[in-house]
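Student: Here you go, one structure.
The values are calculated or read from the model by the stated rules, or taken from the named source; none is laboratory data. Worth saying up front: this structure is predicted, and the values here are computed from it rather than measured. Note: ideal-geometry Cβ built from the backbone for every residue, glycine included; neighbour counts use all protein chains shown.
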C-alpha cells in the first residue's frame, strides 16, 4: 500500500517534471517492459535500436489498420505453425535479435513478397518470400546454403550449422510465414532452429515498435 | 420422487435399446446392422463389371463426344504406369526458342525474360539481402540452363542425334526442361524442339506460320474421327491416342503445324492431364477444333 502510493507519487512527479520540461525526450512513457525501454542488436556490424513510439495518441492508419481482409486467402492462422517450431511474441523476437542475430547465428525473415517488404518491415528483417522456399524454386538450395546449410559429398544438405530463423508475415491473417516454416521443414531444415512470430508486422506496428520506415524517419 | 425419475430413466433406456437393436426384427438383417456393415456392398460389386460393359457399349454404339472422354479415364486408370520424368519448369518453349535464336544472332529476334530468369533474379536479390545481414558472401550456383545447353550444342554444330543425347543427359542430371517437350516415355522431345527452332527462325525471317496440316486417321496412327450429332448439325470430333514417344508439343505440331496450340489441347483434356508434361501412352485425348 505504502510502496504503491510512493510509486504513484513518484510517477506523478516524473510526469510533472516531463510536463514542466515540455517535450522531454528522455521521459520514455512508453517502454517495452518496465525494465526495458529499448532493444539494441547488431547485424553485420550495423547497430539497430528498437523502441516504441512515444506518441501516446498515435493510432495505426492505412494498410495495417485494416480489420477485414478477405478469407480466403487471408485466413486466421493457428498458434502452432508446425511440430517442434516454437511460436514467439514480441519480447521473444527482441530477445532473438539481441542474442542469435547479434551473434551471427540467426536471422529474422520477412516471408512476404518483395513489394510488401520494400514498403516497410521490422527493423533488421531480411526478405525471403515464402514462395522462394517452395519446392518449385530451383534455386532454393542456393538460399539454404546462404542460410548456413552445407552441402555434403553426397549432395544432401547438412543443417547442423544452419542459422536459427524467426519468420513472420503481415499478421495473424497471413499464411505466408507458416508456409515458409513448412517449406523449410520439407527441405530438411530442423524444426528446433525455426521460430514463428505469429503476430507479424501488424502486431509489431500495433504496439508502436520500430520498423524500417520509422527508423529511417527518426 | 427420485425413484420415479430413475424408473422413467430406466424405461427410456430400455426403449432406446429396443429402437437401436431391434431384437424382435429379422435376425439376419439385425447382425448386419449392428456391425455397421453397409448392406448394399454386394450390390456395388455386382454393378462394377456392369459399368465397364456399359462403357464398352457406349463406345461401340453411340458415338457422342461427351461421354467418350470420361469412360476413357475410367478404363485407363488401372494401367497407370508412371515413368520417371525430367524436371520441368514453367518456361515456355516459344520463349526459350526465342532466346536461343536471339543468342545465335538472328536478326529481329529480341530476347525475352523467361520465368526461369525471373526466378533466378529474385533468388539473387534474396541472397544479396542475406549477405547484407550476415556478411557471408554467397554465389548463386551457375547451373547450365536448358537454353544454354541447347545454344552450346547448336553452336558446336552437333548432329540431331548427339543433340538428343546431350539434352537427355542434361535432363537426367536435373536440368529443367519446358513441359511440352516431355514425352510419354519420360524423355525430352528433341525433334519437336529442333523443329520449333526452325519454324520460329523462319517466322522471324518473315515466313508465314506453317499451315494446319491435313490429317486423317489413315495416315496418323492413333487418330479417330467420329461424327457427333448435335441439335442442328453434325460435328466431327477428333481423338488421338497417345503413342510411345509423343510429347504435347509433338501432338500440337501433328494436328496444327505449330507448338503453340498445345494450350488448347491441354485445356480440352484437363480432366485427363494434370499438367502438360504428364502425358501417358494410351491416353485418349480430344483434339479441339481451332
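Student: Which of the residues belonging to the range B:111-123 are exposed (fewer than 13 other Cβ atoms within 10 Å of the Cβ) and either away from chain A (no Cβ under 14 Å) or over 30 Å from residue B:200 (Cα atoms) (or both)?
Tutor: If the condition is that a residue be exposed (fewer than 13 other Cβ atoms within 10 Å of the Cβ) and either away from chain A (no Cβ under 14 Å) or over 30 Å from residue B:200 (Cα atoms) (or both), then B:113 is the only one that fits.
Student: For residues that are part of a loop (DSSP other than H, G, I, E, B) and closer than 21 Å to residue B:212 by Cα, scanning just the range B:251-275, find the one that is farthest from the chain's Cα centre (by Cα).
Tutor: Per the criteria, the residue is B:257.
Student: Out of all the residues in the range B:86-110, which are more than 11 Å from every other protein chain (Cβ to nearest Cβ), assigned to a loop (DSSP other than H, G, I, E, B) and closer than 15 Å to residue B:145 by Cα?
Tutor: If the condition is that a residue be more than 11 Å from every other protein chain (Cβ to nearest Cβ), assigned to a loop (DSSP other than H, G, I, E, B) and closer than 15 Å to residue B:145 by Cα, then B:86, B:92 are the ones that fit.
Student: Assuming residue B:152 fulfils every condition listed in (1) farther than 30 Å from residue B:283 by Cα; (2) at pLDDT 85 or above; (3) surrounded by fewer than 18 Cβ atoms within 10 Å (Cβ to Cβ); (4) within 14 Å of chain A (Cβ to nearest Cβ) apart from one, which condition is it?
Tutor: Checking residue B:152 against (1) farther than 30 Å from residue B:283 by Cα; (2) at pLDDT 85 or above; (3) surrounded by fewer than 18 Cβ atoms within 10 Å (Cβ to Cβ); (4) within 14 Å of chain A (Cβ to nearest Cβ), the one that fails is (4).
Student: Give me the pairs, please: first residue somewhere in the range B:188-202 and closer than 16 Å to residue B:158 by Cα, second residue anywhere and surrounded by fewer than 17 Cβ atoms within 10 Å (Cβ to Cβ), beta-carbon distance under 7 Å, and either six or more positions apart or on two chains.
Tutor: Partner pairs satisfying both residue conditions: B:190/B:160; B:194/B:160.
Student: Is at least one residue of the range B:124-147 out of contact with any helix residue (DSSP H, G or I) (no Cβ under 6 Å at 6 or more places or on another chain), more than 14 Å from every other protein chain (Cβ to nearest Cβ) and more than 18 Å from residue B:100 (Cβ to Cβ)?
Tutor: Within the range B:124-147 (the criterion being out of contact with any helix residue (DSSP H, G or I) (no Cβ under 6 Å at 6 or more places or on another chain), more than 14 Å from every other protein chain (Cβ to nearest Cβ) and more than 18 Å from residue B:100 (Cβ to Cβ)), the answer is no, since none of the residues qualifies.
Student: Can you pull out every residue in the range A:34-77 that is within 14 Å of chain B (Cβ to nearest Cβ) and in a loop (DSSP other than H, G, I, E, B)?
Tutor: Answer for the range A:34-77, where residues must be within 14 Å of chain B (Cβ to nearest Cβ) and in a loop (DSSP other than H, G, I, E, B): A:44, A:45.
Student: Of all the residues that make up the range A:78-108, how many are away from chain B (no Cβ under 14 Å) and either surrounded by 14 or more Cβ atoms within 10 Å (Cβ to Cβ) or under 17 Å from the mean Cα position of the chain (by Cα) (or both)?
Tutor: 17
Student: Determine if the range B:234-248 includes at least one residue that is assigned to a helix (DSSP H, G or I) and touching a helix residue (DSSP H, G or I) at 6+ places or on another chain (Cβ under 8 Å).
Tutor: yes
Student: Does the range A:78-110 hold any residues that are closer than 29 Å to residue A:31 by Cβ and assigned to a loop (DSSP other than H, G, I, E, B), and which are they?
Tutor: A:79, A:89, A:102, A:103, A:104, A:105 - these are the residues of the range A:78-110 that are closer than 29 Å to residue A:31 by Cβ and assigned to a loop (DSSP other than H, G, I, E, B).
Student: In the range A:109-140, what residues are at the interface with another protein chain (Cβ under 7 Å from one of its Cβ atoms), modelled with pLDDT under 95 and either buried (at least 22 other Cβ atoms within 10 Å of the Cβ) or over 29 Å from residue A:214 (Cα atoms) (or both)?
Tutor: Result: A:132, A:137, A:138, A:139.
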